[in-house]
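Taking it in order: structure first as structure tokens, then the write-up.
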Amino acid sequence: MHFKCSTLQLLKSIFRFSLRFVLPLVLVWLIFSRLNGDWNWNDAEIKRIHYLVLAVLLWPLNWFIEALKWWLLTAHSLRSLKQCLIDVLVGQYFGLVTPNRLGEGPGRMNSSAPGSRSRDLFAFGNSSIAQLLTTLIAGSIALVLVASFVYPSELFWWQVALPLRWPVWTATLIMLLFYIEPGWSHILRESVNQNGWLGKKLVGLQRYNRRENGRTLFLSMARYGVFSSQFLCVLLAFGFDGDTTEMLFRIALVYLGSTIVPSFALAELGVRESMAVMLLPAAGIDPAVAFIATLLVWIINILLPSMAGMVLFFRSKRLS
């Protein structure tokens, strides 16, 4: 029995190592393998500046929606909407400097009163689940509809990716059912470690009713629409003039891939770019443009808010 347990633990360790390190390294290899000749850096120039300006102007809306979610989910703490926006930006800063964004939740709770921190933690878990679920829903739809846009040059990748549709669809459906009907999470919670990661997430779901969860999911979808539009605007700024519907499907797959592929890189930097280099060129985007455009979206939506959060955090520490 001891030998079986040791073997099982070894297999689990190997599996976790593969997820955390090998897969991201494969994606990084994909980027550099494409550097061997088919990257045209001359095409990587802004041709329509107004689309880039629009993408930048949309980032306050992106984070205002997230602040509104946080304000509604933490109504128990009587925070102002302005304070919630500060919390979200500070959390973004902490998420940037920690692997897998582990610091985002504690960063948001920097202003929490001692008696409300546990409830704020559940609020953050609820918000995170809603945003994750939105990405899975959009990616699941894209996996169905993008099949009509598959080109011969990418058949190898689709032969690998298409069998993954069923696990993604199954996970999305289960998460959606449990999120929309929080009462069902009580049944699942009885069969898992109640003090573990999943058990704590399920407790967080039980603290909100169907109406509150539906509202949070709607706001998460609105925010997803904003940053997907930003991605499209950046590609349009680089001169993309193809099918925007197809491109939105591929953008959804980029976000889906960067969500389900684990990484210990800061802010998952490199994973999303790898996905873009793999998925966008077949639709008429040069790999160099795909890489730079994805990096620009990261700067606009992650780096700029994180810098604002850093300034707000250190300013609050200095005033205190």
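Summary table below
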quantity: Criterion (crowded, with 17+ Cβ neighbours inside 10 Å and of a type outside the set (Ser, Thr, Tyr)) met by exactly one of Val88, Val144; calculated: Val88
quantity: Residue within the stretch 290-307 that is more than 19 Å from Glu246 (Cα to Cα), in a helix (DSSP H, G or I) and hydroxyl-bearing (Ser, Thr, Tyr) present; calculated: yes
quantity: Residue pairs meeting the criteria (Cβ under 8 Å; at least 6 apart or on separate chains; first farther than 12 Å from Gln92 by Cβ, in the stretch 299-317; second of a type in the set (Ser, Thr, Tyr)); calculated: Ser316/Ser111
quantity: Filtered residues of the stretch 177-217 (kept if farther than 20 Å from Gly105 by Cβ, among the polar types (S, T, N, Q) and modelled with pLDDT under 60); calculated: Ser191
quantity: Given (1) at pLDDT 70 or above; (2) farther than 26 Å from Ala283 by Cβ, index of the condition Val144 fails; calculated: (2)
quantity: Tally of residues being more than 14 Å from the chain's Cα centre (by Cα) and β-branched (Val, Ile, Thr) across the stretch 210-235; calculated: 2
quantity: Pairs with Cβ under 6 Å, 6+ apart, first in the stretch 45-59 and aromatic (Phe, Trp, Tyr), second surrounded by 16 or more Cβ atoms within 10 Å (Cβ to Cβ); calculated: Tyr51/Cys233; Tyr51/Leu236; Tyr51/Ala237; Trp59/Ile300; Trp59/Asn301
quantity: Out of Asn62, Asn110, Asn42, sole residue that is at pLDDT 90 or above and assigned to a helix (DSSP H, G or I); calculated: Asn62
quantity: Some residue of the stretch 78-89 being in a helix (DSSP H, G or I) and small (Gly, Ala, Ser); calculated: no
quantity: Pairs, first on the phi > 0 side of the Ramachandran plot in the stretch 238-262, second assigned to a loop (DSSP other than H, G, I, E, B) and not small (Gly, Ala, Ser), C-beta under 7 Å, six or more apart; calculated: Gly239/Lys47; Gly239/Arg48
quantity: In the stretch 218-251, residue modelled with the highest pLDDT [restricted to those that are part of a loop (DSSP other than H, G, I, E, B) and of a type in the set (D, E, K, R)]; calculated: Asp241
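The values are calculated or read from the model by the stated rules, or taken from the named source; none is laboratory data. Treat the numbers as computed from the prediction; the structure is a model and nothing was measured. Note that we place each Cβ from the backbone using ideal geometry, even for glycine, and neighbour counts take in every protein chain shown.
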